[in-house]
Amino acid sequence: MDLKKLAQQFFAAYDAGDVEGMTRMCTDDARGRYVPYGRESVAPIRGGIDAIWRAFPQVVKGYRVQVLELLLAEVNAVVAQTLMSGSIPPDPLGISKKGEPVAIPHVFILRYAADGKISRLDAYWDNAVINGLRASVL
């Protein structure tokens, strides 16, 4: 099984805003950690993290997901370095003003079940970029 190819397909669906396609690539009981839920929080993909996936393209004009690098890790895991970009509406988190375009690096850790579906997805944002953007708009 080519996990890097599966990861590329997942991020292509993310870039296209195809949340149904993304969730189909996950096990029914898949869980993950995503920045808005907090460092210690683990949430289900369905009925949890998928809400974030649905919101981004709605809120961020020109939302894009670019894969910069995919690395195989252990037997069933892929680490992905991505760049999420688009025009963020003025000040949702103090990140941008006037809908200016931003690009925020992310790291995803995808763990796959034996059937080739994602069983765990952890995502982390580059807080240094976010803090720098916040400082530039204050």
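The values are calculated or read from the model by the stated rules, or taken from the named source; none is laboratory data. Treat the numbers as computed from the prediction; the structure is a model and nothing was measured. Positions of Cβ are backbone-derived with ideal geometry, glycine not excepted, and every protein chain shown enters the neighbour counts.
Among residues of segment 16-27 that are free of Cβ contacts under 8 Å to residues at least 60 places away in the same chain, those with a Cβ under 9 angstrom from a residue that is surrounded by 20 or more Cβ atoms within 10 Å (Cβ to Cβ) and in a strand (DSSP E or B), sequence gap 6+ or separate chain, pair up as A16/V65; M22/I118; T23/A30. Would you be able to say whether some residue in segment 112-129 is modelled with pLDDT under 85, surrounded by 13 or more Cβ atoms within 10 Å (Cβ to Cβ) and either more than 25 Å from L6 (Cβ to Cβ) or in contact with a Lys or Arg (Cβ under 7 Å, 6 or more places away or on another chain) (or both)? Scanning segment 112-129 turns up at least one residue that is modelled with pLDDT under 85, surrounded by 13 or more Cβ atoms within 10 Å (Cβ to Cβ) and either more than 25 Å from L6 (Cβ to Cβ) or in contact with a Lys or Arg (Cβ under 7 Å, 6 or more places away or on another chain) (or both).
Filtered by the rule that a residue be of a type outside the set (S, T, Y) and modelled with pLDDT of 95 or more, segment 17-31 gives D18, V19, E20, G21, M22, R24, M25, C26, D28, D29, A30, R31. On the phi > 0 side of the Ramachandran plot and touching a Gly at 6+ places or on another chain (Cβ under 7 Å) - does that describe any residue in segment 45-64? Scanning segment 45-64 turns up at least one residue that is on the phi > 0 side of the Ramachandran plot and touching a Gly at 6+ places or on another chain (Cβ under 7 Å).
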